[in-house]
Structures are given as C-alpha cells and as structure tokens.
Amino acid sequence: MDTTTYNVGGQRFQINKALVQKYPKSRLASLAAKSKGQEVFVDANPQAFAVILDYLRYDRLLVPPSVCREVVQLQLQELDIPFAQMDQLPIDQLEPPPSYRPSTGASMAMGTKSDSTRVDIPTELARATQSKLNSLITNSLLPRLRTHASNGIHTLSFFFLPRNISKSAIVSHLTNGSDAASATVEFVTLDGTGVDGDVSIEFLGQPGVLEELKKMAVWRLSVKKVAISSRDITTRVENDLGLFESCSVRTIEVVVDIV
C-alpha cells in the first residue's frame, strides 16, 4: 500500500495516499507529494486531525464531544479542504456509526466485506471521553476530596480554571448564602495536558460532557450529591501597559456534598 506518514503534534498517522488525493488541491495532498517518502510534520491538534481523516473516509463531519469543533473548522481551512456542514455528537445521543471491516483475500477481490469484528466508531469516542473524565476525577478531584473529608469537611467546591488564569488573580467572592462561613474551595487549573487527562475548559463545554462528568463523579467519588454549573468570576490582571484591569472569566464549578 502506498502511504504517507503525518506527524501531527507528536502523534503519527499512516494514511493511504489515495485517501489524501481525494482533494488533490488541498495542502494535505501537497505535503504528501513533496514528502518523497519522508514523514510529514503538521503542527496541529491530532484529535481534530483524526476527525478530518474520518471526513475524508466517510464524507461526513462527525465531531465528538472531546474535540472542539472550531479547531476542526480551522484545520480544514488551513489544509484547504472544503466542507459544508459539521455535526456535533452529544455523548448520550450518538448516531448509528458508519462501520468498516478489514477485507482480505477473495472478499477484497470481489468487493465484499469480510466477517471481521465491526468497529463501532461513536462508541469508541464515548469511551475516550469517559477515559478523560475518569483521569480528571482520579488525579485531581479524589485526592483533594479525601484530604478535606478526613478533616471533617462536608461540602467542597471545585473551580476549574482556564490555563491562563491563576488563583491569585481572582477577586470574586466565591461563597454564597448561609454556607459562606463553612465553604471550602479548591482550584483546579486545566491546561489540556498532563495528569488531568488532557481535559480543558473547552472540552468540558462540549455538549453532554458536564452531565457525564456529574454521573461519573457521584459514582467514582462515592458522595451524596454533585452539582455542576458554569460561573463567571472576576479577575484582576496586569495589561501590556502595566495597568491593572478587571475582566470576567467563565469557569466551571463542581460542588460536592460529601455526606
């Protein structure tokens, strides 16, 4: 098989050149033509790139909850690949997948499909999303919850912050009502890399992801109740002129009733 290998953000994709040539005027095809058998480096998001490859295979843009659709759109534009419509896949409402089966021998020659195991693409996407959320719960929430529970804390609030916001920049009053005196707040900075399972604020904002996080958190943390909501907080940061200014930042709050 005549293939081209793309190194996309450190992840390698070995692609049939016939698939790449589906859009011969695209940058993807141009890079393959110039590669002369060498690996092609593409500075891009590998998850979004995988979505684009499936678009070339199935003629339909199916964007899973774990991938930001705006990133996919930008990559398509940068690669000069035309597209008309992009379908977002909620976790709980995944559509019946296009399926494929590897063909060998006589079945390939006759153009028929073999009886090999079918690959359920949306199911795998849902599993990938759950794996990310499980890493977030296990590595970031559970250790903090255990520490506070051992100190007799009954309610704990987690604030997920974007990677460019530090705890010291927050000036909002983060507790409300009668629970203000006893509330305990933890900040978790999500930068899309590392122990948090590559989770980012953008990922959590995808359709269905927060609801899935809520269900998984109740089960994995073994707590009484979990409430999740988006919340705007005020930060005070220094601008390019050395002056401090206030701005509003969208965060995600996870309130856990331990007992």
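The values are calculated or read from the model by the stated rules, or taken from the named source; none is laboratory data. All values reported here derive from a predicted model rather than from experimental measurement. Glycine also receives a Cβ, built like all others from the backbone with ideal geometry; neighbour counts cover every protein chain displayed. Areas reflect the complete protein model, heavy atoms only, side chains present, ligands, DNA and RNA absent. Shrake-Rupley method; radii C 1.70, N 1.55, O 1.52, S 1.80 Å.
Observations on the model:
- Inter-residue pairs, beta-carbon under 6 Å, first within 24 Å of Val63 (Cβ to Cβ) and part of a loop (DSSP other than H, G, I, E, B) and in the range 19-48, second open to solvent by 60 Å² or more (accessible area, probe 1.4 Å) and of a type outside the set (D, E, K, R), 6+ apart: none
- Residues of the range 201-226 classified as over 21 Å from Arg127 (Cβ atoms), open to solvent by 40 Å² or more (accessible area, probe 1.4 Å) and either within 21 Å of the chain's Cα centre (by Cα) or in contact (Cβ under 8 Å) with a residue 12 or more places away in the chain (or both), total: 2
- Within the range 155-174, residues that are in a loop (DSSP other than H, G, I, E, B) reach no partner that is modelled with pLDDT of 80 or more and among the acidic types (Asp, Glu) with beta carbons closer than 6 Å at six or more positions or on different chains.
- Considering residues of the range 51-67 that are open to solvent by 20 Å² or more (accessible area, probe 1.4 Å) and touching a strand residue (DSSP E or B) at 6+ places or on another chain (Cβ under 9 Å) only, the residue nearest to Glu211 (Cα to Cα): Leu62
- Checking each residue in the range 170-195 for being modelled with pLDDT under 80 and either surrounded by 18 or more Cβ atoms within 10 Å (Cβ to Cβ) or not aliphatic (A, V, I, L, M) (or both) picks out Ser172, His173, Thr175, Asn176, Gly177, Ser178, Asp179, Ser182, Asp191, Gly192, Thr193, Gly194.
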